[in-house]
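Comments concern the structure below.
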Amino acid sequence: MKKIVLLFSLFTCSFGTMAQTDILDSRSYGIGQTVTVSGVVTNGSELGSIRYMQDGTAGIAGYGGPITGASRYDSVTVTGPLVDFNGLLEISTVTNIVNHGPAVNTQVPIQIPITSANETLESQLVELQNVTFVQTGNFAAGNSTVQVTDGTNTLDVRINGTTNIDGTAIPTGPVTITGLVGQFSTNYQIVPRDLNDIVAYVAPAFEINVLLNGTTVLNNNNFFIGNSSTVNVTIENQGSTNLVVTGASFTGADAAMFSSDIVGGTIAGLSSQNYTINFTPTGNGSKFASIQIGSNDTDENPYTINFEGVGLDNLATEPTANASGLTFPLLESYTVGGQYNAGVGATKYIVLWKNGSAITGVPADATTYLRGDVVGDARVAYVGTGTSFTPRGVIANQDYYFAVYAFNGSGGFENYLTTNPATGNVTSLGENIGSYYGAITTSSPSLRTDLTALINPHTQISYFNYKQTVLAEFEVRDTTLGRSVVTCVYSGENKIFNDPFDWTATGYSREHSFAHSWMPTWPCDNPEEPEYTDQHNLFPSNLSEANSPRSNLPLGEIDGSTVQSYLEGAVGFQGSQMVYEPRASHKGNAARAIFYMATAYNFKLTAVVAADKQDQDLLKNWHFADLPDNYEIARNEYIYDLQGNRNPFIDSVDFVCHIDFDQNTYIATGCSADVNELVESNLVVYPIPSKDIVYVQVNGAEITAYELVDMAGKVVSKKENISKPVVTFDGGDLNSGTYFIKVQTLYGSAQKKMIID
């Protein structure tokens with residue numbers, strides 16, 4: 001009943017306090033809800049009792065309580081209720097804080113224009129360049145508010161009376177200001193921390209820059225103008241010499257629907273000029289035109305922006321014909337790559353996917369979808385202009401269904417062709433074992449050395465290629481809102497993945513399940529030693545919250561006091577030995593990684609837990625309690641493609657029964673329990689008794705065949721050559737009474753009673 005127990009433990013975390021999330025998600029919770037977030041503190045006591053934090057997804061303020069002891073650039077985990085303080089979202093008062101010490105990433109400020117200081121960036125560290133204070137003289141004593149301007153827009157600057165800015169002279173020239181985005185009532189602010197956050201502005205080289213509605217649009221890029229509208233245009237001269245604008249013109253099929261007041265003239269250095277562009281559609285559907293702005297800029301003349309507008313019906317033009325010819329030229333246990341023919345009159349496509357059955361979900365017009373979003377009973381695998389896709393998170397032996405819809409438009413003006421999408425389904429491949437173990441037998445006393453010889457030599461992949469190989473191409477999975485995450489194997493934390501994924505900036509690391517210090521190459525720390533680079537032993541983990549606390553501790557089960565915990569991973573005592581206990585769903589995976597390393601490199605494991613060794617008996621228990629699932633099978637296949645060798649203990653559950661890893665000797669008798677008995681211990685039938693749906697599953701293994709037999713020995717239902725994580729029966733279709741369900745897996749067979757009431 002392992003999975004049921006795990007679910008219970010997850011549910012119990014949700015009462016009173018939300019389970020730890022990233023800051024962006026926590027900001028969506030209701031006022032009064034208690035949250036736990038981790039982030040980097042971006043200010044210290046110079047701003048009083050408030051601390052601003054950010055984690056790469058968003059920022060949030062924490063106020064009062066133990067957070068007042070945090071210093072600038074500390075890495076912290078904070079718990080407390082959400083409060084709206086005059087528009088500023090705060091965790092207040094903070095009830096608990098875990099300070100992990102100085103952060104690896106000190107949070108570089110985001111360079112923004114004044115107009116971008118808004119709710120999206122609230123509580124984050126930002127930088128404003130080339131702004132000027134509206135006021136002159138000195139900053140007032142005590143708390144005060146002044147303004148800066150970019151020549152067009154203004155923004156409040158909040159000067160805290162506890163900073164060293166208080167009472168000093170206000171700069172009279174252009175400045176660069178670094179600070180936190182705050183809010184008071186409906187006004188957003190930038191809050192500098194000290195005098196070092198206000199420095200003289202240094203002009204860049206000569207450069208034209210064009211902003212539409214306050215946002216820079218790069219040369220030759222696209223801008224979606226929407227329906228009938230007027231766009232504010234700012235032409236900036238970011239250089240120190242005069243910029244000569246020669247005028248502007250429109251080209252394209254619908255150029256007549258666009259107009260502009262951009263005329264020739266001179267814009268002085270570090271100055272700007274404002275204009276407008278008007279879009280007045282005269283019909284329905286999508287409208288296209290490009291503007292060319294002429295100037296004396298040597299490398300961006302003309303400055304071209306491509307516009308897409310929408311006609312009078314507020315929807316883009318519906319494509320004439322959908323995509324067609326969906327095929328799957330790339331098919332692996334871990335990858336499904338699809339392609340399709342372009343639709344007629346279509347510029348974009350959305351690909352939906354679903355596991356197990358045909359898709360009924362249909363995208364809705366005037367709705368913007370991102371990768372990972374839910375559409376009816378499916379999720380978005382791809383949105384874009386291309387005609388090929390590769391969804392993330394494919395696992396082995398699964399039926400995947402796809403539907404491709406063509407559309408035009410964006411920004412809430414999308415028009416989807418919802419009839420006759422390109423559809424198809426494919427089954428991901430399973431284990432590609434073939435004759436890999438043809439010469440291996442568990443009856444041979446040389447089993448241990450035979451396996452070592454089988455998996456060596458293998459192709460060595462650089463330690464530094466792990467991100468590009470296993471992480472980016474396999475471990476990453478999509479969530480809603482167009483975000484992707486990687487999961488810390490020990491704690492279960494989901495970390496936002498933005499490629500390129502910087503290990504230092506994100507606070508993540510490549511964890512060795514078989515600790516580096518246990519290897520003979522320690523302490524040379526050569527990242528290109530074979531045992532150091534082996535991808536079978538590398539997993540993503542939170543550096544400060546999981547990797548460092550685990551250090552080189554043996555894995556174990558805490559039965560005494562807990563020293564430190566983070567989400568589902570913890571450090572504590574097993575007897576008198578300090579151990580690290582990973583999350584339950586990774587225990588079997590970790591055991592098999594360690595068995596692999598011991599076999600590949602002739603390492604020994606002890607029969608008891610010890611400071612520098614690993615208890616093999618505990619790992620064997622984990623191995624059978626948490627059998628390989630489709631994710632682990634797919635990962636083994638993926639690394640097989642990279643390294644040319646497999647983890648035998650994922651492929652054959654009973655290899656461990658015949659190896660004493662302490663002595664590196666053969667065990668002729670095998671496991672005390674046979675494989676079928678071990679499978680039976682993981683067979684779950686629920687609910688018992690049942691009047692409705694009965695669920696049958698083997699924790700950690702796919703059901704490959706089943707047989708339902710009544711008390712008279714009659715076979716009521718039977719299926720072979722399947723691959724299902726869960727088999728269901730409708731109790732309404734069965735007579736009341738007792739049945740026996742017999743299941744077959746890759747690892748053995750088992751049976752249990754099933755009672756229909």
### Summary
Of (1) more than 18 Å from LEU538 (Cα to Cα); (2) at pLDDT below 90, CYS657 satisfies every one except (2)
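Out of the residues in region 662-678 that are modelled with pLDDT of 85 or more and under 20 Å from TYR747 (Cβ atoms), state the one that is nearest to the chain's Cα centre (by Cα).
Within region 662-678, the first condition is being modelled with pLDDT of 85 or more, and the residues that meet it are 662-669.
Checking the rest, the ones that are also under 20 Å from TYR747 (Cβ atoms) come to 667, 669.
Values: ILE667: 43, THR669: 45 Å.
Only one residue tops the list, namely ILE667.
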### Message
Within region 295-316, does at least one residue satisfy the condition of being touching an Asp or Glu at 6+ places or on another chain (Cβ under 8 Å) and of a type in the set (A, V, I, L, M)?
### Response
yes
### Query
Among the residues of region 625-641, which ones are in a helix (DSSP H, G or I) and of a type outside the set (A, V, I, L, M, F, W, C)?
ASN630, TYR631, GLU632, ARG635, ASN636, GLU637, TYR638, TYR640, ASP641
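Residue-wise test of (1) at negative phi; (2) surrounded by fewer than 19 Cβ atoms within 10 Å (Cβ to Cβ); (3) of a type in the set (Asp, Glu).
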{"residue": "GLY361", "(1), (2), (3)": "yes, yes, no"}
{"residue": "GLY376", "(1), (2), (3)": "no, yes, no"}
{"residue": "PHE389", "(1), (2), (3)": "yes, no, no"}
{"residue": "VAL394", "(1), (2), (3)": "yes, no, no"}
{"residue": "ALA422", "(1), (2), (3)": "yes, no, no"}
{"residue": "ASN425", "(1), (2), (3)": "yes, yes, no"}
{"residue": "SER435", "(1), (2), (3)": "yes, yes, no"}
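Restricting to region 533-552, name every residue that is over 30 Å from ILE110 (Cβ atoms) and surrounded by fewer than 20 Cβ atoms within 10 Å (Cβ to Cβ). Give the derivation first.
Step one: filter region 533-552 for residues over 30 Å from ILE110 (Cβ atoms), giving 533-539, 549-552.
Correct list: SER551, ASN552.
The rows are residues; the columns are (1) surrounded by fewer than 20 Cβ atoms within 10 Å (Cβ to Cβ); (2) in the same structural domain as THR154 (by TED's automatic domain parsing).
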position: ASP55; (1), (2): no, no
position: GLY64; (1), (2): yes, no
position: ARG72; (1), (2): no, no
position: LEU125; (1), (2): no, yes
position: GLN129; (1), (2): yes, yes
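Output the strands (runs of 3 or more DSSP E) that fall wholly within region 76-137 and possess 3 or more residues being under 30 Å from SER509 (Cβ atoms), or say none. Outline the logic, then answer.
Values: elements: 88-92, 96-102, 125-133.
By residue number, 96-102, 125-133.
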### Query
Where residues in region 504-530 are among the hydrophobic types (A, V, I, L, M, F, W, C) and either at pLDDT below 80 or not in a helix (DSSP H, G or I) (or both), which of them is surrounded by the most Cβ atoms within 10 Å (Cβ to Cβ)?
PHE514
### Query
Which ones in region 689-703 are buried (at least 20 other Cβ atoms within 10 Å of the Cβ) and in a strand (DSSP E or B)?
VAL694, VAL696, GLN697, VAL698, ALA701, ILE703
### Message
If I ask for residues that are surrounded by 19 or more Cβ atoms within 10 Å (Cβ to Cβ) and farther than 18 Å from ASP626 by Cβ, which ones from region 576-596 would you list?
### Response
MET578
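Condition check ((1) assigned by TED's automatic domain parsing to the domain that holds LEU370; (2) among the β-branched types (Val, Ile, Thr); (3) buried (at least 17 other Cβ atoms within 10 Å of the Cβ)) across all residues:
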site: PRO319; (1), (2), (3): no, no, yes
site: ALA323; (1), (2), (3): no, no, yes
site: GLU332; (1), (2), (3): no, no, no
site: VAL351; (1), (2), (3): yes, yes, yes
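Residues checked against (1) under 37 Å from the mean Cα position of the chain (by Cα); (2) without any contact (Cβ under 8 Å) to a residue 24 or more places away in the chain:
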| position | (1), (2) |
| --- | --- |
| HIS658 | no, no |
| GLU680 | yes, no |
| ILE688 | no, no |
| GLU702 | yes, no |
| ILE722 | yes, yes |
#### Entry: Hits in region 464-503 - residues which are among the small types (Gly, Ala, Ser), outside any loop (DSSP other than H, G, I, E, B) and out of contact with any strand residue (DSSP E or B) (no Cβ under 6 Å at 6 or more places or on another chain)
ALA472
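Which of the residues spanning region 648-672 are of a type outside the set (Ser, Thr, Tyr), closer than 24 Å to GLN398 by Cβ and surrounded by fewer than 23 Cβ atoms within 10 Å (Cβ to Cβ)? Break it down into steps so the answer makes sense when it comes.
Pass one, region 648-672, residues of a type outside the set (Ser, Thr, Tyr): 648-651, 653-664, 667-668, 670-671.
So of that shortlist, the ones also closer than 24 Å to GLN398 by Cβ come out as 648-651, 653.
Of everything in region 648-672, just one residue is of a type outside the set (Ser, Thr, Tyr), closer than 24 Å to GLN398 by Cβ and surrounded by fewer than 23 Cβ atoms within 10 Å (Cβ to Cβ), namely ASP651.
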### Task
For region 79-107, enumerate the residues that are among the charged types (D, E, K, R) and surrounded by 15 or more Cβ atoms within 10 Å (Cβ to Cβ).
GLU90
### Summary
Counting only residues that are on the phi > 0 side of the Ramachandran plot and not small (Gly, Ala, Ser), region 481-535 contains a total of 2
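Kindly check whether there is at least one residue in region 133-149 that is of a type in the set (A, V, I, L, M, F, W, C), more than 19 Å from GLU90 (Cβ to Cβ), without any contact (Cβ under 8 Å) to a residue 24 or more places away in the chain and not assigned by TED's automatic domain parsing to the domain that holds GLY48. First the steps, then the outcome.
Step one: of region 133-149, the residues of a type in the set (A, V, I, L, M, F, W, C) are 133-134, 139-141, 146, 148.
Restricting the remaining residues to those that are more than 19 Å from GLU90 (Cβ to Cβ) gives 133-134, 139-141, 146, 148.
Cutting the leftovers down to without any contact (Cβ under 8 Å) to a residue 24 or more places away in the chain gives us 134.
So of that shortlist, the ones also not assigned by TED's automatic domain parsing to the domain that holds GLY48 come out as 134.
Yes, there is a match, as at least one residue in region 133-149 is of a type in the set (A, V, I, L, M, F, W, C), more than 19 Å from GLU90 (Cβ to Cβ), without any contact (Cβ under 8 Å) to a residue 24 or more places away in the chain and not assigned by TED's automatic domain parsing to the domain that holds GLY48.
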### Task
All but one of (1) in contact with a strand residue (DSSP E or B) (Cβ under 8 Å, 6 or more places away or on another chain); (2) crowded, with 20+ Cβ neighbours inside 10 Å hold for THR163, so report the exception by its number.
(1)
#### Entry: Candidates GLY393, GLY438, filtered to the one that is out of contact with any Lys or Arg (no Cβ under 8 Å at 6 or more places or on another chain), not aliphatic (A, V, I, L, M) and not in a strand (DSSP E or B)
GLY438
### Task
For region 537-582, enumerate the residues that are within 18 Å of ASN494 (Cβ to Cβ) and part of a loop (DSSP other than H, G, I, E, B).
LEU567, GLU568, PRO582
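Within region 30-37, is even one residue within 23 Å of LEU543 (Cα to Cα), crowded, with 20+ Cβ neighbours inside 10 Å, out of contact with any helix residue (DSSP H, G or I) (no Cβ under 6 Å at 6 or more places or on another chain) and modelled with pLDDT under 95? Quick ask: steps written out before the conclusion?
Step one: list which residues in region 30-37 are within 23 Å of LEU543 (Cα to Cα), which gives 35-37.
Checking which are crowded, with 20+ Cβ neighbours inside 10 Å leaves us with 35-37.
After this cut, where a residue has to be out of contact with any helix residue (DSSP H, G or I) (no Cβ under 6 Å at 6 or more places or on another chain) as well, the list is 36.
Restricting the remaining residues to those that are modelled with pLDDT under 95 gives 36.
Yes: region 30-37 contains one or more residues that are within 23 Å of LEU543 (Cα to Cα), crowded, with 20+ Cβ neighbours inside 10 Å, out of contact with any helix residue (DSSP H, G or I) (no Cβ under 6 Å at 6 or more places or on another chain) and modelled with pLDDT under 95.
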### Task
Go through region 218-241 and give me each residue that's touching a strand residue (DSSP E or B) at 6+ places or on another chain (Cβ under 9 Å), assigned to a loop (DSSP other than H, G, I, E, B) and of a type in the set (S, T, N, Q).
ASN219, ASN220, ASN227, SER228, GLN238
### Query
Would you pick out the residues in region 575-609 that are farther than 23 Å from HIS458 by Cα, in contact (Cβ under 8 Å) with a residue 60 or more places away in the chain and among the hydrophobic types (A, V, I, L, M, F, W, C)?
ALA584
### Query
So which residues in region 642-688 are aliphatic (A, V, I, L, M) and either under 18 Å from ALA600 (Cα atoms) or part of a loop (DSSP other than H, G, I, E, B) (or both), if there are any at all?
LEU642, ILE650, VAL653, VAL656, ILE659, ILE667, ALA668, ALA673, ILE688
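Please pick out the residue among GLY372, GLY311 that is farther than 24 Å from ARG483 by Cα and surrounded by 15 or more Cβ atoms within 10 Å (Cβ to Cβ). Show your work before the answer.
Values: GLY372 fails: farther than 24 Å from ARG483 by Cα.
When all the criteria are applied, what remains is GLY311.
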### Task
Could you please find all residues in region 277-324 being within 30 Å of TYR405 (Cβ to Cβ), of a type in the set (Asp, Glu) and touching a residue at least 40 places away in the same chain (Cβ under 8 Å)?
GLU308, GLU318
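The values are calculated or read from the model by the stated rules, or taken from the named source; none is laboratory data. From a predicted model like this one, the values you see are computed outputs, not experimental measurements. Reconstructed Cβ throughout: ideal geometry from the backbone, glycine too, with neighbour counts over all protein chains shown.
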